[in-house]
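Colleague: Mind looking over this structure? Questions follow.
The values are calculated or read from the model by the stated rules, or taken from the named source; none is laboratory data. Worth saying up front: this structure is predicted, and the values here are computed from it rather than measured. Every residue, glycine among them, receives a Cβ derived from its backbone with ideal geometry; neighbour counts consider all protein chains shown.
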Amino acid sequence: MPTRMPIRLTRPIALRWLLLLLVGLVGPALASLFPIPGPELDATLAPWIKQQYNISHDRLLQNIFNNGSVIASPSRSHPDYFYTWIRDSALVMDVVVSLYRQAKPGSPEEARYESLIWSFVHFSKRLQEVPNRSGGLGEPKFHVDGRPFAGDWGRPQNDGPALRALVFIRFAVAYLDKDHSPDKIREFIYDSNYPSSSPLKRDLEYVAQSWPHHGFELWEEVDGHHFHTKAVQRAALEYGWRFARLMNDEGAAKWYYHHARSVEVSLREHWSPFRQQLIETLDWRGDNKGKAGLDLAVILASIQGQIEGDEYMYPCSGEVLITALEMMHAMQRLYPINAVRRDLTGGLMGPAIGRYIEDVYDGDSMTGGNPWVLGTCGYAELLYYCSAKWASKSHIKVTEPLIPVLEEILGMPSGSFPVASGGLLRHRQYPELFTSIVGNLSAAGDAFLRRVRFHTPTDGSMSEQIDRHHGAMRGARHLSWSYASFMTATWRRAEVVKQMERLRMVSHHEAVQVGPVADDDIDADRAVLALVSQF
Ligand code: NOJ
Ligand code: NOJ
């Protein structure tokens, strides 16, 4: 275990390749170092994003009750989603934690978010204590008053406690960051006792003990070992050990650390070198819904299970991106609405994205699968994420599965990428290529948001799915997770704006720089930033 270090939980909240490759265009004209060449983010999208963000924010909060339960949707029949799912609630409360972090200290908004989060903390503790049919914390959904759901269901679902643990940790860190005393955290979130009666430690203990076991995946359909579940379990254990240490719970820190490393090894098994794909489910039992492997779960896993500073199977890894690309092509062909490629402004649209190719769930029964709002927003988020991440680093680590992805982003013929696997594509060395990559990626993110805009009614209401034939919203109305996914995508977009600006400064500096340059690209960039910030 690494030596003691300050906890870093800066999961970036702020957080045209596809559009180029969708229509088979070639990358943007290569231009001079400064100003940055390549396509910019589409400024005409901004007013809609702002409006849809506000609607999403309000709708999301309306789905959180004062007792701390979060409904998946207000729909009580066809389908009945009027329950609190552990997974959906965690993803929604993660957004509330981000809002809390961003809120001005002492503002009424900050107080409102904080009080919702504490209600969620207390409600979660109650749910952990209610006897249920899973016989543990893997029970996927409850009634909104906290009673267990007695019907048959795909259980257990072990991604829930991991996602919830991540929410507790992010909140605790944000709370401490705001200079509050740790007393309340110790009392209500993490008590360092064993066995523990506090919700975070209980979740972490459950994750550490349950990760090797099979269970149902986030789509609640297949029993097996899942990439998504393991990815979020690993993130919970990774942040968990750091947090345990912060709470002086050394023994637990060691234990979680040990398991985080083991989950990591197990995650590798999901990479198929033969198919050059990450496979969501291994060792399934019973019905696997005829799945061949391509699954949105992998993309969501990389985002939700991402660990700051860690590059293992993270969103911009070749493994994740080649899988995402492959699935995107398949989705393009799968849904009739994706044949329409331009919106009413003439802007290009990425394909609407569903859960997995063989899906037949229509939002209520089983007449055929559709694209999902959270899938399409998830793609936008992934692309913005990579654009911002690479722009912030000023280099890209080139790996074997990444090469075909980068070639596609650039519209280059296969085999013509200039850097071999194992090398670095440095901004300083290949400024045009580099800026085209990050520019094309963010523009592709916009293409996915344009797709979302195209299918969202003017009142901004978002359901679970988008009808594959006629493009109208369908399935559970006002799905909390749809709104959450839109909001997190826009935060990543804001991060792109910031990082592009930074890259511009770096480019400028490089253009005027004389004399030899430092060997280490990153350090050089830091020096530039330091220099610039002095003025
Ligand atoms: C509801 C589940 O939430 C959904 O994921 C699943 O596809 C359908 N039931 C059918 O099992
Ligand atoms: C069905 C989805 O497959 C599942 O992931 C989700 O938890 C429930 N709907 C509730 O939104």
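Colleague: Could you please let me know if ALA292 is among the small types (Gly, Ala, Ser), modelled with pLDDT of 95 or more and farther than 25 Å from ILE396 by Cβ?
Modeller: Working: among the small types (Gly, Ala, Ser): yes; modelled with pLDDT of 95 or more: no; farther than 25 Å from ILE396 by Cβ: yes.
Answer is no for this residue.
Colleague: Does GLU114 fit the bill of being at pLDDT 95 or above, more than 16 Å from ligand 1 (Cβ to nearest atom) and surrounded by fewer than 18 Cβ atoms within 10 Å (Cβ to Cβ)?
Modeller: Details: at pLDDT 95 or above: yes; more than 16 Å from ligand 1 (Cβ to nearest atom): yes; surrounded by fewer than 18 Cβ atoms within 10 Å (Cβ to Cβ): no.
In short, no.
Colleague: I'm checking my understanding of the structure. Among residues of region 342-377 that are hydroxyl-bearing (Ser, Thr, Tyr) and more than 16 Å from ligand 1 (Cβ to nearest atom), which one is surrounded by the most Cβ atoms within 10 Å (Cβ to Cβ)?
Modeller: From region 342-377, those hydroxyl-bearing (Ser, Thr, Tyr) are 345, 356, 361, 365, 367, 376; that's our starting set.
Next, only the ones that are more than 16 Å from ligand 1 (Cβ to nearest atom) stay: 345, 376.
Details: THR345: 11, THR376: 29.
The qualifying residue surrounded by the most Cβ atoms within 10 Å (Cβ to Cβ) is THR376.
Colleague: Do we have SER272 as away from ligand 1 (no atom under 16 Å from the Cβ), touching a Ser or Thr at 6+ places or on another chain (Cβ under 9 Å) and not charged (D, E, K, R) here? Can you show your working first?
Modeller: Working: away from ligand 1 (no atom under 16 Å from the Cβ): yes; touching a Ser or Thr at 6+ places or on another chain (Cβ under 9 Å): no; not charged (D, E, K, R): yes.
In short, no.
Colleague: Checking the condition of a type in the set (A, V, I, L, M), away from ligand 2 (no atom under 16 Å from the Cβ), surrounded by fewer than 23 Cβ atoms within 10 Å (Cβ to Cβ) and part of a helix (DSSP H, G or I), which residue from ALA391, ALA330, ALA380 passes? Spell out the reasoning first.
Modeller: Working: ALA391 fails: surrounded by fewer than 23 Cβ atoms within 10 Å (Cβ to Cβ); ALA380 fails: surrounded by fewer than 23 Cβ atoms within 10 Å (Cβ to Cβ).
The unique qualifying residue is ALA330.
Colleague: Can you name the condition, by its number, that ARG147 falls short on among (1) more than 22 Å from SER482 (Cβ to Cβ); (2) in contact with a Phe, Trp or Tyr (Cβ under 6 Å, 6 or more places away or on another chain)?
Modeller: (2)
Colleague: Quick one: SER392 ticks every box in (1) closer than 24 Å to PHE274 by Cα; (2) under 27 Å from the mean Cα position of the chain (by Cα) bar one, so which box is it?
Modeller: The one condition SER392 does not meet is (1).
Colleague: Another question about this same structure. Go through region 292-317 and give me each residue that's surrounded by fewer than 20 Cβ atoms within 10 Å (Cβ to Cβ) and either assigned to a helix (DSSP H, G or I) or not hydrophobic (A, V, I, L, M, F, W, C) (or both).
Modeller: The answer is GLU308, GLY309, ASP310, GLU311, TYR312.
Colleague: Sticking with this one: For ASP283, all conditions in the list (1) part of a helix (DSSP H, G or I); (2) among the charged types (D, E, K, R); (3) surrounded by fewer than 19 Cβ atoms within 10 Å (Cβ to Cβ) hold save one; what is the number of the exception?
Modeller: Going through the list (1) part of a helix (DSSP H, G or I); (2) among the charged types (D, E, K, R); (3) surrounded by fewer than 19 Cβ atoms within 10 Å (Cβ to Cβ), ASP283 breaks only (1).
Colleague: Kindly indicate which of LYS230, LYS184, LYS201 is more than 16 Å from ligand 2 (Cβ to nearest atom), of a type in the set (Lys, Arg) and more than 25 Å from the chain's Cα centre (by Cα).
Modeller: Numbers: LYS230 fails: more than 25 Å from the chain's Cα centre (by Cα); LYS201 fails: more than 25 Å from the chain's Cα centre (by Cα).
After ruling out the rest, the residue left standing is LYS184.
Colleague: Something else now. So ARG87 ticks every box in (1) within 16 Å of ligand 2 (Cβ to nearest atom); (2) closer than 22 Å to GLY240 by Cα; (3) touching a Ser or Thr at 6+ places or on another chain (Cβ under 9 Å) but one. Which box is left unticked?
Modeller: So ARG87 meets the others, but not (3).
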